[in-house]
Amino acid sequence: MSHSYRWVIVAAGGLLGCAAVGAMFSLPVFLRPMAQDTGWSVTGISTAMTIGFLAMAAASMVWGNLSDRFGPRPVVLTGSVVLAASLALASRADSLIAFQLLFGLLVGGATAAVFAPMMACVTGWFDTQRGLAVSLVSAGMGMAPMTMAPLAAWLVTIHDWRASMLIMAGIAAVLMIPAALLVRRPPALEGGSIEMAADEPSSEMTVGQAVRSPQFLILMLANFFCCATHSGPIFHTVSYAVTCGIPMIAAVSIYSVEGLAGMFGRLGFGLAGDRFGAQRVLVIGLLAQAFGVLAYAFVHQLEGFYAVAVVVGFIYAGTMPLYAVIIRENFPLKMMGTIIGGTAMAGSLGMSTGPLVGGLIYDRFDSYAPLYIGSWGMGLTAMLILMTFRPFLKAQPEMVPA
């Protein structure tokens, strides 16, 4: 069963990610209707998303550790229930602070219950095609802007924002809870023992040793700077395009182009990682990402924005799943959730920097060019950090006298 069922795990992970990320990232769709209906400031409502990123960062390692201890199914099932319930409660919020806490803290924290546990679970189910498998799960998350966001946009045209958000909560529950019930521990961890201990990387390592290792710290730093590289460009490129005289509707379509390219990037980088090695492909990807975001500073026409969006979307989306592959190649399966959760925490913190820093840069210089130059520098930093990564030495088999 294990050989065929592993693709069920991939499908469940992709669906869970799409629904969770889509629910959280539906907030921009509700932004204007909410402000008009409640009188809350756009800044105040948007702050819920920043709180959400910080909650994801804080919760990622906790959820990952719990999935190591109790298995991924109870963790993603709990996250699914909490996310749907929090979204429903947020739709009833009668004050801005209540909304920020319900949507930011709870929805953000619950979303984190999907990524690290599912990535850890999938890496444990695959000994071959691992890069492709985690990329497909990531591709499911990448489908959110093309599925859940348009659904939310359609709902707010026929309902008010509260009813629409409540419907989104129901949809999340209907999709996520059954998918969570399909999740199983990797066969090698069933019964609490590892069947293939001889093939396990660093099998004697403890969690304490792992989180203090240079390898873990390097992966965290690389992921932080990697996410900080594309966070600002993702968040501010539409505003930058508008300052170049491009109409808002056309400017928003840059995101769609970037997202579509990202779907192909996830698959392309996953296949390349399986063939040429995840670390090597990721280093090349980080270098390409740095120059990709820098290219935004030199475009001013819609065609140029589209061209850069294709490149940047393909690269940044493709690089992200490879961290999980590198982790699986270097750390024991029994602590995958904790280690992937730690790097996800660093990535969420990196993502939280872009909106704020980009806004401060524009207010200070009346230009977005310094943002893209700074992002280029952070991209090069991520690449240089990852180049220092050295895999753990593999244990040599003991020689048995004849």
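The values are calculated or read from the model by the stated rules, or taken from the named source; none is laboratory data. Keep in mind the model is a prediction, meaning the values are calculated, not measured. Here Cβ is always computed from backbone atoms with ideal geometry, including for glycine, and neighbour counts include all displayed protein chains. Calculation scope for accessible area: heavy atoms of the full protein, side chains included, ligands and nucleic acids excluded. Shrake-Rupley method; radii C 1.70, N 1.55, O 1.52, S 1.80 Å.
Computed values, structure above
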quantity	calculated
Pairs, first of a type in the set (Val, Ile, Thr) in segment 43-61, second open to solvent by 30 Å² or more (accessible area, probe 1.4 Å) and modelled with pLDDT of 85 or more, C-beta under 7 Å, six or more apart	Ile51/Leu105
Residues located in segment 277-291, provided they are free of Cβ contacts under 8 Å to residues at least 60 places away in the same chain and farther than 16 Å from Val134 by Cβ	Arg280, Ile284, Ala288
Matching residues, segment 22-52, being assigned to a loop (DSSP other than H, G, I, E, B) and either aromatic (Phe, Trp, Tyr) or open to solvent by 50 Å² or more (accessible area, probe 1.4 Å) (or both)	Phe25, Gly39, Trp40, Ser41
Selection from segment 300-311 of residues that are touching a residue at least 12 places away in the same chain (Cβ under 8 Å) and open to solvent by 10 Å² or more (accessible area, probe 1.4 Å)	His300, Gln301, Leu302, Tyr306, Val308, Val310, Val311
Index of the failed condition, Met119 passing every other in (1) at pLDDT 85 or above; (2) in contact with a Leu (Cβ under 8 Å, 6 or more places away or on another chain)	(2)
Positions within segment 92-124 being more than 12 Å from the chain's Cα centre (by Cα) and of a type in the set (Ser, Thr, Tyr), in sequence order	Ser95, Thr123
Segment 332-347 residues that are within 20 Å of Trp125 (Cα to Cα), paired with ones that are not small (Gly, Ala, Ser) and not in a helix (DSSP H, G or I) (beta carbon under 7 Å, 6 or more apart)	Pro332/Glu200; Pro332/Pro201; Pro332/Met205; Leu333/Pro186; Leu333/Ile194; Leu333/Glu200; Lys334/Ile194; Ile339/Phe331
Out of Gly131, Gly142, Gly124, sole residue that is within 24 Å of Ala48 (Cα to Cα) and at pLDDT below 90	Gly142
The listed residue being part of a loop (DSSP other than H, G, I, E, B) and either of a type in the set (A, V, I, L, M) or over 30 Å from Val252 (Cβ atoms) (or both), out of Arg390, Arg328	Arg390
Residues within segment 262-272 that are open to solvent by less than 50 Å² (accessible area, probe 1.4 Å) and modelled with pLDDT under 90, tallied	4
Pick from segment 53-70, criterion of a type outside the set (Val, Ile, Thr) and surrounded by fewer than 20 Cβ atoms within 10 Å (Cβ to Cβ), ranking: farthest from Thr338 (Cα to Cα)	Leu54
